[in-house]
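Heads up: the structure comes next, in structure tokens.
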Amino acid sequence: MEVLIAMSTDSIRMQPVHTIQGASGEQFFRVYFGRQPVVIANAISAWPARHWTPEYLKSRYGDLQVAVARYDPGARETFLDQTLGDVHQYISLRQFLSALGRENSIYAMREDTTLFERAPSLIEELAFFSPFMAAGKTVAYKALWIGPANYITGLHLDPGDTLLFQLYGRKNVMLFHPRQTRYLYEEPPDQAARKFVMSALQKRLDPSAFDVLRDKVRWCAVQPFNPDLVRFPLFVRAECIQAEIGPGDVLYIPDGWWHAVKAIDAAISVSIEPDFRDSPFSLEPH
């Protein structure tokens, strides 16, 4: 019989993320931009989306059909393997949100990029991402995340900088500097590329989105919230920055930083790849 030995994240070296108050562009660009993660508190308090709740979204957008994907962090398959396996369901947003409080759910709206096109008023409620984007500028990448408590997004690295806007509920984010890669069991790029060839996910995603996942996102095999040290013994040497974010918080993740996310409560978030040029945030003196 196979025995899996896991450990708590209490066993690795963790430091709390820095937090700054309000949309202080001067401090952000001087200290954090391109260097380290930071939570920007109280920067989006005026956004209408700060009032989003499951009940509100059901009442406004409940008839829209959405894809909800399965990820089981307790399974032996890695985050990449389960992502490419693409076990999913198509249901109405109302049906999904009505079940959001169900315990031990392993289905979530993961990185939905289509809802903004079908419901453009969502962008208005997000105040067009002001002050982090210039007025009238199109955000190239934006995604909506809605999931139950304890739902996990596995350890990965996205292309470019990321801003994660927390709108409802709380999340715990584990962040790892690029220097920690040696301890994180990255999926070898050649092996990852072979896995993508026969992926079920390719049938569902827009080709450009699939190409980004294949060519630009990097993936780790270890599940950092409850790592199996028999399979991944070097992970105990990793150093981590930990961030707990709640409604109104904005988490900045620099390009090159690994991250994994676990919902503490049922949670609603939006992520973007920001373009700070000419934004009110970047035009502050610094």
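Six or more apart or on different chains, Cβ under 9 Å: which pairs go from a residue in the stretch 94-116 that's on the phi > 0 side of the Ramachandran plot to one that's assigned to a loop (DSSP other than H, G, I, E, B)? Could you list them?
Listed by first residue and then by second, the contacts come to Asn104/Pro148; Asn104/Asn150.
Can you tell me which residue is surrounded by the most Cβ atoms within 10 Å (Cβ to Cβ) among those in the stretch 226-269 that are of a type in the set (Gly, Ala, Ser) and part of a loop (DSSP other than H, G, I, E, B)?
Ala238
Looking only at the stretch 41-66, filter to residues that are at pLDDT 95 or above and in a strand (DSSP E or B); which one of those is nearest to His156 (Cα to Cα)?
Selected residue: Val66.
What pairs can you find where one residue is in the stretch 182-206 and in contact (Cβ under 8 Å) with a residue 24 or more places away in the chain, the other is among the hydrophobic types (A, V, I, L, M, F, W, C) and surrounded by fewer than 17 Cβ atoms within 10 Å (Cβ to Cβ), and their Cβ atoms are less than 6 Å apart, with a gap of 6+ or different chains?
Listed pairs, sorted by first residue: Tyr183/Leu234.
Check whether at least one residue in the stretch 13-24 is at pLDDT 95 or above, under 30 Å from Arg231 (Cα atoms) and touching a His at 6+ places or on another chain (Cβ under 9 Å), and report yes or no.
Within the stretch 13-24, not a single residue is at pLDDT 95 or above, under 30 Å from Arg231 (Cα atoms) and touching a His at 6+ places or on another chain (Cβ under 9 Å).
Just for the stretch 51-92: of the residues that are surrounded by 14 or more Cβ atoms within 10 Å (Cβ to Cβ) and closer than 21 Å to Pro247 by Cα, which one is farthest from the chain's Cα centre (by Cα)?
Per the criteria, the residue is Arg60.
Filter the stretch 200-234 for residues that are small (Gly, Ala, Ser) and touching a helix residue (DSSP H, G or I) at 6+ places or on another chain (Cβ under 8 Å); which is farthest from Arg70 (Cα to Cα)? I'd like the intermediate steps shown before the answer.
Restricting attention to the stretch 200-234, the residues satisfying the condition of being small (Gly, Ala, Ser) are 200, 208-209, 221.
Right, trim to touching a helix residue (DSSP H, G or I) at 6+ places or on another chain (Cβ under 8 Å) and you get 200, 221.
On the way: Ala200: 13, Ala221: 17 Å.
Step by step, filter the stretch 200-234, then rank; the result is Ala221.
Looking only at the stretch 28-39, decide whether some residue is assigned to a helix (DSSP H, G or I), of a type outside the set (Lys, Arg), in contact with a His (Cβ under 6 Å, 6 or more places away or on another chain) and at pLDDT below 95.
Yes, that holds for at least one residue.
Could you please find all residues in the stretch 132-166 being over 13 Å from the mean Cα position of the chain (by Cα), among the hydrophobic types (A, V, I, L, M, F, W, C) and farther than 22 Å from Arg35 by Cα?
Ala134, Ala135, Val139, Ala140, Ala149
Inside the stretch 197-215, can you point out the residues that are basic (Lys, Arg) and either crowded, with 16+ Cβ neighbours inside 10 Å or at pLDDT 95 or above (or both)?
Arg214
Can you confirm whether the stretch 105-119 contains a residue that is surrounded by 17 or more Cβ atoms within 10 Å (Cβ to Cβ), closer than 24 Å to Ala46 by Cβ and touching a strand residue (DSSP E or B) at 6+ places or on another chain (Cβ under 7 Å)?
yes
Only one of Leu80, Leu163, Leu155, Leu100 is in contact with a Pro (Cβ under 7 Å, 6 or more places away or on another chain), aliphatic (A, V, I, L, M) and closer than 28 Å to Arg237 by Cβ; which?
Unique residue meeting the criteria: Leu155.
Any residue at all in the stretch 272-280 that's on the phi < 0 side of the Ramachandran plot, of a type in the set (Asp, Glu) and not in a loop (DSSP other than H, G, I, E, B)?
No, the stretch 272-280 has no match at all.
Looking at the stretch 207-226, I want the residues that are in contact (Cβ under 8 Å) with a residue 12 or more places away in the chain and have a partner that is surrounded by fewer than 17 Cβ atoms within 10 Å (Cβ to Cβ) and assigned to a strand (DSSP E or B) with Cβ atoms under 7 Å, at least 6 apart or on another chain. Which pairs are those?
Asn226/Ala6
The values are calculated or read from the model by the stated rules, or taken from the named source; none is laboratory data. Computed from a predicted model, the values in this text were never measured in an experiment. No Cβ is skipped: glycine too gets one built from the backbone with ideal geometry, and neighbour counts run over all protein chains shown.
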